[in-house]
1. Would you confirm, using the coordinates I've provided, whether residue 31 is modelled with pLDDT of 75 or more, surrounded by 13 or more Cβ atoms within 10 Å (Cβ to Cβ) and over 30 Å from residue 141 (Cβ atoms)?
2. What about residue 135, is it closer than 23 Å to residue 31 by Cα and of a type in the set (A, V, I, L, M)?
3. Looking only at residues in the range 43-61 that are closer than 19 Å to residue 159 by Cβ and free of Cβ contacts under 8 Å to residues at least 12 places away in the same chain, which one is farthest from the chain's Cα centre (by Cα)?
4. For the range 197-214, give me each residue that is basic (Lys, Arg) and modelled with pLDDT of 80 or more.
5. What do you reckon, is residue 99 closer than 28 Å to residue 119 by Cα and either in contact (Cβ under 8 Å) with a residue 60 or more places away in the chain or assigned to a helix (DSSP H, G or I) (or both)?
6. Please work out if residue 178 is without any contact (Cβ under 8 Å) to a residue 12 or more places away in the chain, of a type outside the set (Phe, Trp, Tyr) and in the same structural domain as residue 30 (by TED's automatic domain parsing).
7. Residues to consider are 53, 72, 35; find the one that is touching a helix residue (DSSP H, G or I) at 6+ places or on another chain (Cβ under 9 Å), over 25 Å from residue 172 (Cα atoms) and in a helix (DSSP H, G or I).
Amino acid sequence: MSQTAQLKSTIAGQQEHIRSLETTVDDLKQQIASQTERNDVLEFQVLEMEENQKQQDTIAAKQSTFESEKTQLLKELDEVKKAHANQLKSIALIKKELEDHKAAAPSVKPTLSESEQVDALQQKFEKAEAANVSINEELRSASKELGKIRFQMQGKESDLSRERKMTEALSAQLQSVVSSSQEEALKKEEELKKLKATVELQQAEIEKMHEDKKEADQKFKNLEKEYAAYRDEQRPEIKTELERRYEEAKYRLKNALEKIHDYELLYEAAKKSENDGSISKHLEEELIEVKEFNAHLERQFQSQSDIIEALKKKLLQHRSFCDKINKLSELEDASRIQEELVMFSRENNCDEGKIAANIALIIKDIRKNTFYSPLEISTAHHKIRPYSSVDSSAEWQSNSSEGIVSPDEHDE
């Protein structure tokens, strides 16, 4: 196996390996694209979970607001209860003072100041009663409001507990999804790192293969040039006489041109080195003779080329004529053969066309001069010969057995 064939096989193997690596790179790109889509889906899920977490934070804020409002209302209710208790205490004290004054009134005549005090106390009692009534009204309304608030708070507490459970479930789901997505992302990141490292390694190998391919191509080109130079140096094989003569003339012309070039170089060197023109003149005359000989060789080469072309054309025409004759020899119809030959002679204005026309003329003459005997029907050893008339001797008679004669008797 030659070195060129080995280089070609190596280049083919490297190209196949490059194609397989490109296929692997495409597969890796598809995997990266699918992984990117998965990461986008996970990011979208994480965003949804964050949105749910924000909603949960909003619910928790509402719950804290409700708790603070509940605490404030309970505190206000306690203050109202305390104020009501204090008011009741003050009313009880006023009642006690009034009862004491009433009990002491029959035995002791009240003075003007005491009566004024009693009136004042009576007014104060009345005011306290009115305040108590108003406080009682406020307590009743506050109790109603507190009942409504308690009912609302119970509903809100149930809603808050349900929302808390939902929040806890969503939070647990979010945590599981986030943890699983993080684990998946870490795995995919590791896979991507490995894939990137593999791709970089394969790209380095591909670049190295490209460099090797360039070197192999350059070696192959150099080998082609060397092979072409070697073929130029060697005389090729000549298979036919005409090609041999053509190649000999071409080879002689090439040698003559090389010799002329050498003489020209020698002439230039002699011009530079010799001051007297004796050697230069001699070389110039020899160069003129060589140029004339070269011109003669060129004319001879051109004439031989023309002869070779004419002979090739003649050979092709003769080969076409022979193929035509071979095809016509397979036909059985003479008229068809004659037509084909006439058509060939019209299409080809050469010696072969003239030969075809002559053959067609010969066939025409043969067909014209061919003798066709009357219709003869052979039966065993006799022939029935039809005739159109009967002679005077009545030797031939129609519709009789005498009309059937043997060929030997008729010849006699």
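The values are calculated or read from the model by the stated rules, or taken from the named source; none is laboratory data. Fair warning: this is a prediction, and the values are worked out from it, not measured in the lab. Glycine also receives a Cβ, built like all others from the backbone with ideal geometry; neighbour counts cover every protein chain displayed.
1. On the way: modelled with pLDDT of 75 or more: yes; surrounded by 13 or more Cβ atoms within 10 Å (Cβ to Cβ): yes; over 30 Å from residue 141 (Cβ atoms): yes.
So residue 31 passes the test.
2. Working: closer than 23 Å to residue 31 by Cα: no; of a type in the set (A, V, I, L, M): yes.
Judged against the criteria, residue 135 is not a match.
3. Checking each candidate, the answer is 61.
4. Our first condition is that a residue be basic (Lys, Arg); within the range 197-214, this holds for 208, 213-214.
Within the range 197-214, 208, 214 qualify.
5. Numbers: closer than 28 Å to residue 119 by Cα: yes; either in contact (Cβ under 8 Å) with a residue 60 or more places away in the chain or assigned to a helix (DSSP H, G or I) (or both): yes.
The answer is yes for residue 99.
6. Spelling it out, it is not the case that residue 178 is without any contact (Cβ under 8 Å) to a residue 12 or more places away in the chain, of a type outside the set (Phe, Trp, Tyr) and in the same structural domain as residue 30 (by TED's automatic domain parsing).
7. Values: 53 fails: over 25 Å from residue 172 (Cα atoms); 72 fails: touching a helix residue (DSSP H, G or I) at 6+ places or on another chain (Cβ under 9 Å).
That would be 35, the only listed residue that is touching a helix residue (DSSP H, G or I) at 6+ places or on another chain (Cβ under 9 Å), over 25 Å from residue 172 (Cα atoms) and in a helix (DSSP H, G or I).
Matching residues to (1) among the acidic types (Asp, Glu); (2) at pLDDT below 70; (3) surrounded by 12 or more Cβ atoms within 10 Å (Cβ to Cβ); (4) within 30 Å of residue 125 (Cα to Cα):
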site: 10; (1), (2), (3), (4): no, no, yes, no
site: 18; (1), (2), (3), (4): no, no, yes, no
site: 21; (1), (2), (3), (4): no, no, yes, no
site: 38; (1), (2), (3), (4): no, no, yes, no
site: 53; (1), (2), (3), (4): no, no, yes, no
site: 65; (1), (2), (3), (4): no, no, no, no
site: 96; (1), (2), (3), (4): no, no, no, yes
